[in-house]
Amino acid sequence: METTLVETLPHVTWVGVLIKAILILAIISAIAGFGTFIERKVLAWMQRRQGPLHVGPYGLLQLAADGIKLFTKEDIVPQNANKFIFMVAPIITAATAFIALAAVPVFPDFTIPSWIPLLGDTFVPAIAADLNIGILFVLGMMAAGLYGPLLAGMSQANKWGIIGSARTAVQFLSYEVVTGLSILAPIMLVGSLSFVDFNSYQAGGITSWLIWQQPVAFVLFLIAGFAETNRTPFDLLEHEAEVVSGYATEYSGMRWGMFFIGEYANMITVSIIAAVVFLGGYSEGTLGLAILLKVAFFFFLMLWVRAAWPHVRPDQLMWLCWKVLMPIAVINVVITGIVMMV
Amino acid sequence: MGLEQFKNRNVGTQNYKTLDVGVSPQTGMERFKQVAKRTVKGELFVGLGVVMKAMVKALFADDMHTVKYPFEKMPISPRYRAIHDMLRLLESGHYRCIGCGLCEKICISNCITMDTRYDENQRKEVSEYTINFGRCIFCGYCAEVCPELAIVHGQRYETASEQRASFSIFEDMLSPVDQLNLQQEYQGFGAVSPNADENIKQTPLAY
């Protein structure tokens with residue numbers, strides 16, 4: 001396994017990392033907000049509606065209107081809730097979503113031009129924290145993010161919240177196994193947990209993408225990713241028709257907004273992981289356009305699936321994850337191992 | 001066919017047809033086969049295709065359901081009973097009402113009030129005519145009983161206002177003299193809406 005050429009890269013300073021962190025926070029929150037707009041538009045079109053239209057051109061300023069509404073809404077804490085946990089839970093969801101993004105290659109690296117005072121010549125890396133166990137860290141962080149819904153549902157003294165958090169636990173126990181096992185086979189092939197190594201492993205064009213070697217793992221990871229981000233076939237946590245709003249029933253204003261931003265940031269993270277691990281990642285020559293297209297495709301796929309498919313029952317999710325997906329993932333890992341050994 | 005068939009509640013004795021739902025699996029192997037078959041059958045992608053087709057049609061073939069309501073309106077049925085219109089004679093432009101008072105008599109919620117007198121030509125003239133829209137139930141009896149087709153139900157269904165009384169001024173209900181050519185004749189009870197043909201669609205039973 002060839003190592004990444006750390007020596008040839010410019011020196012990464014803490015200023016660069018800080019700039020990158022601020023960039024991620026600003027741009028991903030903005031994209032998450034824009035994602036809600038895209039979601040409403042795409043869902044509307046798929047149901048032959050128009051979506052937001054009247055606020056701004058093509059309804060684009062609907063985002064701003066929603067933001068103003070969220071920020072100015074009263075922040076209600078229910079009387080019998082465990083106040084501290086109730087207030088901390090949304091922060092867990094939002095924070096873990098962004099912490100996970102720290103180890104993910106979000107945009108290509110660049111150097112700030114030298115004519116800018118103070119920050120000139122600072123190298124801003126593609127990954128804020130280029131860990132050699134990037135995938136492990138990201139998956140762990142996204143798993144830790146499930147503490148948000150879990151604690152939120154249990155702290156709010158609401159039956160729907162309790163059901164929502166119980167479903168969180170069910171979902172968490174089910175898909176997390178599949179996520180880990182499905183991504184294990186590509187990790188075995190690449191021999192590294194670093195996203196940079198994954199990217200360089202697939203640098204040889206479309207034919208070297210891991211999706212051709214690991215189609216089963218790709219499908220499994222996609223399914224588990226949908227469960228991880230609470231997207232529609234597996235949106236048991238807050239399905240309106242059944243549990244009002246699940247864990248988010250008692251939340252209002254910006255605390256609810258933090259859950260929302262966390263969910264959309266998670267969608268972006270899962271899209272990036274799928275793109276980097278299976279679809280070749282960010283190619284060098286395309287100015288990050290390739291990764292953008294791939295991430296956009298996965299994001300669109302999530303909306304597309306939401307428009308088309310009904311969601312499953314909790315017992316069906318457990319059945320699917322434990323009895324179908326996990327055996328397939330294990331078999332996939334074993335076969336990959338045998339093929340590698342032979 | 002008599003009523004007996006419907007009154008028979010003993011399920012199984014009627015001539016119901018059973019749908020063909022296939023055979024449910026009995027053994028474990030059959031169940032496994034069913035799962036495997038359903039997994040690779042790709043029925044889910046049919047759903048994806050359907051919504052994608054709907055989106056493409058909505059975007060590029062203008063197949064949208066949305067009516068941007070305050071800016072565009074659907075044609076409403078001629079049977080719709082909205083705020084009343086008082087029609088005019090097309091020849092003279094004079095209002096059609098002859099002051100017979102039948103609408104006032106038949107009004108079941110007693111909301112029509114009218115007063116008449118003889119004008120200088122000894123012709124009966126309506127001096128007062130109000131409909132109390134706070135009480136009107138829009139039953140349509142007044143329009144039905146009117147011998148001259150003078151009072152009809154119009155198309156003004158947007159009746160949000162500070163005072164409902166503001167809809168009931170006789171001059172406002174009267175069709176304007178300068179727009180007499182736009183005055184629509186009452187189609188009568190049972191008339192179909194102008195876009196009835198477009199609204200006929202095949203029942204979406206096929207998948």
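Kindly express, to the nearest 10 degrees and within the range 0 to 90, the angle between helix B:43-60's C-alpha long axis and the longest C-alpha principal axis of chain B.
30 degrees
Of the peptides B:18-24, A:186-192, how do they stack up when ordered by the mean number of other Cβ atoms within 10 Å, highest first? Working shown, then result.
Working: B:18-24: 6.6, A:186-192: 17.3.
Packing order, densest peptide first, comes out as A:186-192, B:18-24.
For region B:84-182, what is the relative contact order in percent, using Cα pairs closer than 8 Å and at least 6 residues apart in sequence?
The normalised contact order for region B:84-182 reaches 35 percent.
Cβ under 14 Å from A:W160's Cβ, A:W160 left aside: what net charge do those residues give with Lys, Arg +1 and Asp, Glu -1?
Every neighbour counted, the sum reads -2.
Using the Karplus curve 6.51 cos²θ - 1.76 cosθ + 1.60 with θ = phi - 60°, what ³J(HN,Hα) values do you get for each residue of region B:9-19, in whole Hz, with x for Gly and Pro?
After applying 6.51 cos²θ - 1.76 cosθ + 1.60, I find 9, 7, 5, x, 8, 7, 8, 6, 9, 7, 6 Hz.
Roughly what would the spin-label model give for B:A61 and A:M87, points 7 Å off Cα along C-beta, in nm?
Taking the two extended label points, one gets 5.6 nm.
Kindly list the residues of region A:307-333 that lie in the label zone of B:V21, defined by a backbone N under 11 Å from the point 7 Å along the Cα-to-C-beta vector.
Once the point is set 7 Å along Cα→Cβ of B:V21, nothing inside region A:307-333 turns out to lie under 11 Å by backbone N.
Under the rule of at least 5 residues apart or a separate chain, name every residue whose amide H is placed under 5 Å from the amide H of A:G56.
Here A:L61 satisfy the definition.
Considering every residue in A:58-70, what mean count of other chain Cβ atoms within 10 Å of its Cβ is obtained?
Partner-chain Cβ atoms within 10 Å, mean over residues of A:58-70: 0.
Can you compute 3J(HN,Hα) from phi for each residue in region A:319-329, using the Karplus curve 6.51 cos²θ - 1.76 cosθ + 1.60 with θ = phi - 60°, rounded to whole Hz and x for Gly and Pro?
So the J values, rounded to whole Hz, are 4, 4, 5, 7, 9, 10, 6, 5, x, 4, 5.
Spin-label point model (7 Å from Cα, Cβ direction): what's the B:F71 to B:A36 distance in nm?
5.6 nm
Just subtract the alpha-carbon distance of B:Q187 and B:M29 from 0.36 nm times their residue separation and send over the number in nm, one decimal. Walk me through the intermediate numbers first.
Numbers: separation 158, 0.36 × 158 = 56.88 nm, distance 6.73 nm.
Gain on extension, B:Q187 to B:M29, equals 50.2 nm.
What FRET efficiency do you get for A:K73 and B:E91 if R0 is 60 Å and r is their Cβ-Cβ distance, rounded to the nearest 0.05? Kindly include the intermediate steps, with their values, before the conclusion.
On the way: r = 63 Å, r/R0 = 1.05.
Here the calculated transfer efficiency is 0.45.
So which residue, out of A:S165, A:S182, A:S114, gets the largest mean-square fluctuation from a GNM of chain A using Cα contacts under 10 Å as springs?
A:S114
Given +1 on the Cβ of Lys and Arg, -1 on the Cβ of Asp and Glu, and no further charges, what dipole in debye does region B:6-143 carry about its Cα centre, rounded to the nearest 20?
Using Cβ point charges on Lys, Arg, Asp and Glu, region B:6-143 gives about 1080 debye.
D for region B:1-115, whole µm²/s, Stokes-Einstein with Kirkwood Rh over alpha-carbon pairs at 4 °C and 1.567 mPa s: what number?
55 µm²/s
Using only Cα atoms, what Kirkwood radius does the protein assembly as shown have, in angstroms?
Its Kirkwood hydrodynamic radius stands at 29.4 Å.
Output the Cα-based Rg and Dmax of region A:110-158 in Å, rounding Rg to one decimal and Dmax to a whole number.
19.2, 57
Taking the dipole about the Cα centre of the protein assembly as shown, with the C-beta of Lys and Arg at +1 and of Asp and Glu at -1, give me whichever of B:G101, A:L184, B:Q179 is farthest to the positive side.
Towards the positive end, the residue furthest out is A:L184.
So who's got an amide H within less than 5 Å of the one on A:F110, skipping anything under 5 residues away but keeping other chains? H placed 1.01 Å off N, in plane.
It is A:V124, by chain and number.
Starting at the first residue of region B:29-34, write each ³J(HN,Hα) from the Karplus equation 6.51 cos²θ - 1.76 cosθ + 1.60 with θ = phi - 60°, in whole Hz, x for Gly and Pro.
Values per residue, Gly and Pro as x: 5, 5, 5, 4, 4, 4 Hz.
Sequence-distant or interchain residues sharing an amide H contact under 5 Å with B:H153, placed H: which?
Long-range HN contacts for B:H153: B:D85.
Per residue, what volume in Å³ does the Cα convex hull of chain B take up? Intermediate results must be reported in sequence, preceding the final value.
Working: hull volume 56.6 nm³, N = 207.
Spelled out: Cα convex hull of chain B, divided by residues, is 274 Å³.
In percent, how large is the relative contact order of chain B, given Cα pairs closer than 8 Å and 6 or more residues apart?
The value is 23 percent.
Give the calculated FRET efficiency between A:F34 and A:L289 to the nearest 0.05, with a Förster radius of 25 Å applied to their Cβ-Cβ distance. Walk me through the intermediate numbers first.
Details: r = 18 Å, r/R0 = 0.70.
For R0 = 25 Å, the calculated efficiency reads 0.90.
Hey, if you put +1 on the Cβ of every Lys and Arg and -1 on every Asp and Glu Cβ in chain A, which of A:L101, A:I206, A:T229 ends up farthest toward the positive end of that dipole?
With unit charges placed on the Cβ atoms, the residue in question is A:T229.
Relative contact order of chain A: what whole-number percent is it, with Cα pairs under 8 angstrom and at least 6 residues apart?
23 percent
Can you pick out the pairs among B:K33/B:K53; A:K41/B:K53; B:K17/B:K41 whose Cα atoms lie more than 23 Å from each other?
B:K33/B:K53; B:K17/B:K41
State whether region B:84-182 is rounded, prolate or oblate according to the following rule on the C-alpha gyration tensor (a ≥ b ≥ c being the square roots of its eigenvalues): a/c under 1.5 gives rounded; otherwise a/b larger than b/c gives prolate, and the remaining case gives oblate.
Oblate.
Would you calculate a helix-derived [θ] at 222 nm for the protein assembly as shown, using -39,500 (n - 2.57) for each DSSP H run of n ≥ 4 and dividing by the full residue count, to the nearest 500?
-15500 deg cm²/dmol
Each value in this text was obtained by applying a stated rule to the coordinates, not by laboratory testing. No experiment lies behind these values; they were computed from the predicted model shown. Counting neighbours? That spans all protein chains shown, and the Cβs are built from the backbone with ideal geometry, glycine included.
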